[in-house]
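Enquirer: Once you've had a glance at the structure underneath, I'll fire off some questions.
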Amino acid sequence: MGGRRRGAPGAGEDYSFVSPVVKYLLFLFNFIFWVISLVMVSIGVYARMMKHAEAALACLSVDPAVMLMVVGVLMFIITFCGCVGSLRENICLLNTFCICLTVIFLLQLAAGILGFIFSDKARTRVTEMINNAIVHYREDIDLQNLIDFGQKEFGCCGGVTYTDWSQNIYFNCKKDNPSRERCSVPFSCCIIPKDKEVINTMCGQGMQELEYIKAGDHIHTNGCIDKMVNWIHSNLFLLGGIALGLAIPQLVGILLSQILINQIKDQIELQNYNLKHRADPWS
């Protein structure tokens with residue numbers, strides 16, 4: 001359906017139920033996110049190609065490049081339906097776009113509610129993920145950088161406590177471990193004084209052999225899970241704002257697509273009415 005059609009009350013008057021404002025606003029909305037999806041896929045593919053295959057496969061389930069590509073492809077397909085559907089005034093594509101956005105919104109809402117209700121199970125799952133990441137710390141450079149960033153930002157070390165690093169073969173405290181990093185923790189666990197000009201990058205050496213209090217003079221001894229939970233509790237308004245910021249574009253897309261669908265249906269009904277009454281001498 002395109003253009004303005006004849007058939008409004010009043011002879012010789014052009015009329016269309018389809019608002020060009022709604023139509024092109026929906027197209028612009030989808031086009032912006034369509035471009036963003038292309039950028040996401042490109043970054044994901046580039047990051048995937050730059051990594052060694054064996055390292056990437058070591059932690060495939062948490063590979064940021066794969067996650068970026070999957071999200072980008074899904075966004076590309078959905079926004080493509082929205083772009084073409086709005087320009088061509090295609091009800092089928094617009095319905096597909098609207099249904100996909102609604103399903104994604106409901107899944108996000110359900111995930112948030114379930115995460116709040118089953119917070120203990122979510123905490124257990126996060127603990128398992130962190131422990132698995134510790135095991136593969138040296139195998140994936142992206143994962144290593146992510147863990148180091150988290151430990152520096154939150155001022156923590158390990159999942160529950162700093163001795164969790166013994167799960168890694170390089171930092172394991174067993175006596176038969178030949179690694180030079182035996183009983184150590186990564187540099188990102190260290191407490192770095194602001195007034196210290198020369199930083200000792202070996203400050204985590206042998207820290208697992210020290211008692212909790214003595215180790216606390218040199219490294220962060222608290223685990224990252226408790227730090228993350230405390231951070232979430234302290235930033236509920238920020239997280240709520242982010243969640244609202246993600247939800248608003250989806251709701252706007254759903255609203256615009258429904259308005260355009262209804263307008264197109266009204267236009268089709270008007271056209272059918274005109275066809276039936278074209279030969280009516282009293283029209």
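Enquirer: Relative to the longest principal axis of the chain, what angle (0 to 90°, nearest 10) does the C-alpha long axis of helix 141-154 take?
Expert: The angle comes out near 80 degrees.
Enquirer: Something else: Over region 108-243, with every protein chain in place, what whole percent of the accessible area is carbon and sulfur at 1.4 Å, could you tell me? Before the final figure, lay out each step's value.
Expert: Values: 5410 of 8930 Å².
Its accessible area is 61 percent carbon and sulfur atoms.
Enquirer: Another question, then. Compute the Cα gyration tensor for region 200-283, then decide on rounded, prolate or oblate, letting a ≥ b ≥ c be the square roots of its eigenvalues: rounded whenever a/c is under 1.5, prolate when a/b is larger than b/c in the other cases, and oblate in all that remain.
Expert: On the way: a/c = 9.19, a/b = 5.79, b/c = 1.59.
Taking the square roots of the gyration eigenvalues as a ≥ b ≥ c, region 200-283 is prolate.
Enquirer: Hey, what's the chain come to in accessible area per residue, 1.4 Å probe, Å²? Show your work: numbers first, answer last.
Expert: Values: 17990 Å² over 283 residues.
Counting only protein heavy atoms, the per-residue value for the chain is 64 Å².
Enquirer: With a Cα-only, solvent-free Debye model of the chain, what are the log10 I(q)/I(0) values at q = 0.08, 0.11, 0.16 Å⁻¹?
Expert: For the chain at q = 0.08, 0.11, 0.16 Å⁻¹, log10 I(q)/I(0) is -0.55, -0.82, -1.24.
Enquirer: Still on this structure, I have one more. Beyond 26 Å between alpha-carbons counts as too far, so tell me which of Lys194/Lys227; Lys194/Lys214; Lys175/Lys227; Lys121/Lys174; Lys174/Lys214; Lys23/Lys276 fall in that bin. Can you show the working numbers first?
Expert: Working: Lys194/Lys227 21 Å; Lys194/Lys214 20 Å; Lys175/Lys227 31 Å; Lys121/Lys174 31 Å; Lys174/Lys214 21 Å; Lys23/Lys276 28 Å.
Over 26 Å Cα-Cα: Lys175/Lys227; Lys121/Lys174; Lys23/Lys276.
Enquirer: For region 136-165, list residues with backbone N below 16 Å from a point placed 7 Å from the Cα of Met50 toward its Cβ?
Expert: Output list for this probe position: 140-146.
Enquirer: Compute the Rg/Rh shape ratio of region 118-196: radius of gyration over Kirkwood radius, all on alpha-carbon atoms.
Expert: Numbers: Rg = 13.4 Å, Rh = 13.4 Å.
Over the Cα atoms of region 118-196, Rg/Rh equals 1.00.
Enquirer: Over the chain, what is the relative contact order in whole percent, taking alpha-carbon pairs under 8 Å and six or more residues apart? Could the numbers behind the result be given before it?
Expert: Numbers: 334 pairs, mean separation 59.8, N = 283.
Relative contact order for the chain comes out at 21 percent.
Enquirer: Here's something else I'd like to know. Where does each of 116-123, 180-187 land if you order them by average Cβ count within 10 Å, highest first? Could the numbers behind the result be given before it?
Expert: Working: 116-123: 11.4, 180-187: 20.5.
Result, highest mean first: 180-187, 116-123.
Enquirer: Taking the Cα centre of each part, how many Å lie between region 211-246 and region 19-40?
Expert: If you average the Cα positions of each part, the centres end up 37 Å apart.
Enquirer: Would you work out the charge dipole size for the chain about its Cα centre, treating the Cβ of every Lys and Arg as +1 and the Cβ of every Asp and Glu as -1, and quote it to the nearest 20 debye? Spell out each step's value before the answer.
Expert: On the way: 23 positive and 24 negative charges, 138 e Å.
That gives the chain a dipole magnitude of about 660 debye.
Enquirer: Right, something else. Can you give the FRET efficiency to the nearest 0.05 for Val39 and Ala110, using r as the Cβ-Cβ distance and R₀ = 25 Å? Please list the in-between numbers first.
Expert: On the way: r = 28 Å, r/R0 = 1.13.
Efficiency for this residue pair is about 0.30.
Enquirer: Show me 269-278, 77-86 ranked by packing, highest mean number of other Cβ atoms within 10 Å first. Provide the component values of the computation, followed by the final result.
Expert: Working: 269-278: 12.0, 77-86: 21.5.
Most protected by this proxy first, the peptides run 77-86, 269-278.
Enquirer: List, largest first, the extents of the alpha carbons of region 165-230 along their principal axes, each in whole Å.
Expert: Here the spans come out as 37, 33, 18 Å, largest first.
Enquirer: Calculated FRET efficiency, Phe149 and Asn274, Cβ-Cβ r, R0 51 Å, to nearest 0.05?
Expert: Numbers: r = 64 Å, r/R0 = 1.25.
According to the calculation, E is roughly 0.20.
The values are calculated or read from the model by the stated rules, or taken from the named source; none is laboratory data. None of the values given here were measured: they were computed from a predicted structure. Don't worry about glycine lacking a Cβ; one is built from the backbone with ideal geometry, like all the others, and counts go over all protein chains shown. Accessible surface areas use protein heavy atoms only, side chains included; no ligands, DNA or RNA. Shrake-Rupley method; radii C 1.70, N 1.55, O 1.52, S 1.80 Å.
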